[in-house]
Amino acid sequence: TNIKGINKLYDQNILKIDFEIVNKIFENNPFIKYLEIRKFYPNTIKVNFVPSDPIAKIYINDKINYLGDNGKIFRSKTIKNFLPLIKGENDVEKSLEIIKLLEISSFKLKNIRIIKIYPTKRFDLILYDKTILKFPIQSDLETIEKAYSFLKNNNLKLSTIDLRVQGKIIINDK
């Protein structure tokens, strides 16, 4: 992987490394989760980086990008299949919030085709079997688990499970 700006550290005195340069390298490479820098006296530094894991796909200017687990958006030459596609509002903070809830829930991200985020910050999940789950603005783990439980415990072919009305589950079958 090519790290932009890393060449600025070449041929530098290891005692006088400007860590502002290191911070810029980190900022200019959104696929990096974190950097680890070690000094080996008398004249060597070793820079290791841990890449961010992509957790969702997102289109920006009609090009596929990835949202990393570090909260940054980056491009990759490697196509990552079975990641949910974020549509609607490109709100990174809300996207991360939803994905973190889904990761600790019973849902598997690989079964979710699309996460559609609305301007009101509510969201829908569209599964690979085309089932649509509609969540309220204030969604938490309990709401997500309720949807999962309803989906798994009812042998119905449902097209929509709507949880937007508090205390109710509205269903449409296929």
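Among the residues examined, Lys134 does not qualify as among the basic types (Lys, Arg), out of contact with any His (no Cβ under 9 Å at 6 or more places or on another chain) and open to solvent by 50 Å² or more (accessible area, probe 1.4 Å). If I go through the stretch 27-38 residue by residue, how many of them are touching a strand residue (DSSP E or B) at 6+ places or on another chain (Cβ under 7 Å) and surrounded by 19 or more Cβ atoms within 10 Å (Cβ to Cβ)? Residues in the stretch 27-38 being touching a strand residue (DSSP E or B) at 6+ places or on another chain (Cβ under 7 Å) and surrounded by 19 or more Cβ atoms within 10 Å (Cβ to Cβ): 2 in total. Would you confirm, using the coordinates I've provided, whether Glu93 is part of a helix (DSSP H, G or I), acidic (Asp, Glu) and under 30 Å from Leu109 (Cα atoms)? Yes; evaluated as a whole, the condition is true for this residue. A Cβ distance below 6 Å, combined with a sequence gap of six or more or placement on separate chains, defines the contacts here; from the stretch 47-61, residues that are part of a strand (DSSP E or B) reach residues that are open to solvent by less than 30 Å² (accessible area, probe 1.4 Å) and among the small types (Gly, Ala, Ser) in the pairs Pro54/Gly68.
All of Ile79, Ile98 fail the test of being among the aliphatic types (A, V, I, L, M) and in a helix (DSSP H, G or I), apart from Ile98.
A Cβ distance below 8 Å, combined with a sequence gap of six or more or placement on separate chains, defines the contacts here; from the stretch 93-122, residues that are under 19 Å from Gly68 (Cβ atoms) reach residues that are aromatic (Phe, Trp, Tyr) and open to solvent by 30 Å² or more (accessible area, probe 1.4 Å) in the pairs Leu109/Phe82; Lys110/Phe82; Ile112/Tyr128. Return yes when Glu145 is outside any loop (DSSP other than H, G, I, E, B) and more than 26 Å from Asn65 (Cβ to Cβ) and no when it is not. Yes: the conditions hold for Glu145. Going through (1) loosely packed, with under 13 Cβ neighbours inside 10 Å; (2) closer than 21 Å to Lys33 by Cβ one by one, Pro84 falls short only on (1). A search for C-beta distances below 6 Å between a residue of the stretch 70-88 that is farther than 13 Å from Ile98 by Cβ and any residue that is assigned to a strand (DSSP E or B) and of a type in the set (Ser, Thr, Tyr), counting only pairs 6+ apart in sequence or on different chains, returns Phe74/Tyr66; Ser76/Tyr66.
Taking the numbered list (1) touching a strand residue (DSSP E or B) at 6+ places or on another chain (Cβ under 9 Å); (2) in a loop (DSSP other than H, G, I, E, B); (3) surrounded by 13 or more Cβ atoms within 10 Å (Cβ to Cβ); (4) not acidic (Asp, Glu) in turn, Lys168 passes all entries but (3).
Whether any residue in the stretch 39-53 is among the hydroxyl-bearing types (Ser, Thr, Tyr), closer than 30 Å to Asn81 by Cα and open to solvent by less than 90 Å² (accessible area, probe 1.4 Å) is what I want to check. Within the stretch 39-53, one or more residues are among the hydroxyl-bearing types (Ser, Thr, Tyr), closer than 30 Å to Asn81 by Cα and open to solvent by less than 90 Å² (accessible area, probe 1.4 Å). Among the residues of the stretch 105-118, are any over 22 Å from Asn28 (Cα atoms), among the aliphatic types (A, V, I, L, M) and part of a helix (DSSP H, G or I)? Yes: the stretch 105-118 contains one or more residues that are over 22 Å from Asn28 (Cα atoms), among the aliphatic types (A, V, I, L, M) and part of a helix (DSSP H, G or I). Scanning the stretch 121-131 for residues that are under 20 Å from Ile169 (Cα atoms), open to solvent by 20 Å² or more (accessible area, probe 1.4 Å) and in a loop (DSSP other than H, G, I, E, B) yields a total of 4.
The values are calculated or read from the model by the stated rules, or taken from the named source; none is laboratory data. Please read all numbers here as calculations on a predicted model, not as lab measurements. FYI the Cβ positions are ideal-geometry reconstructions off the backbone, even for glycines, and counts take in every protein chain you see. Protein only, heavy atoms only, side chains kept; ligands, DNA and RNA dropped before computing areas. Shrake-Rupley method; radii C 1.70, N 1.55, O 1.52, S 1.80 Å.
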